[in-house]
Amino acid sequence: MSNLYWYTSSCKQHVHFSRIVISSKGFFLAEEKVSLPNFKQFIFKRNSEFIQVILYESEIHQEIYLFVQECALKNRFINKLQSKGFSSFHQDMFITDDEPIK
C-alpha cells in the first residue's frame, strides 16, 4: 500500500474519538486495528481493491485527523464518506508504517 495520504480534521469539541464511526458507501470494513488509545487503522475493501484509512486524535492540537491513502479508490472513498465531521480533504502527507504518529 502507498504511504501517501490525504487528510482532514475535525475539532475535538464536535466529535468524540471513541464514538467516531468511519464508513463510506460501497466500501466494506475488512479490518480495524487500535494501536494506541488515540490511533486507529482501518482497511476498507471495494470489489478486490483495498484502501487504508487512519484516525488519529491529537492532544496537542485538540483535533481528530482522518487520513485516507492515496490510491485508485481515494476519490470514490472520500466522495462517499458518511462519517460526519470530516470534509475538505487537504494536501498529501507521507506516513511511514514504523512511525505513523510522526
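Things worth noting here:
- Phi-based couplings in Hz for segment 39-55 (Karplus 6.51, -1.76, 1.60; Gly and Pro marked x): 8, 10, 10, 10, 10, 9, 10, 9, 6, 10, 10, 10, 9, 9, 10, 10, 10
- Based on the Kirkwood approach, the hydrodynamic radius assigned to segment 1-43 is 12.5 Å, with every pair of different Cα atoms included.
- Taking 0.36 nm per residue of separation and subtracting the current Cα-Cα distance, fully stretching the chain between Ser35 and Asn47 would add 1.7 nm.
Only the coordinates and a few stated rules stand behind these numbers; no lab work does. This structure is a prediction, so every number in the text was calculated from the model and none was measured.
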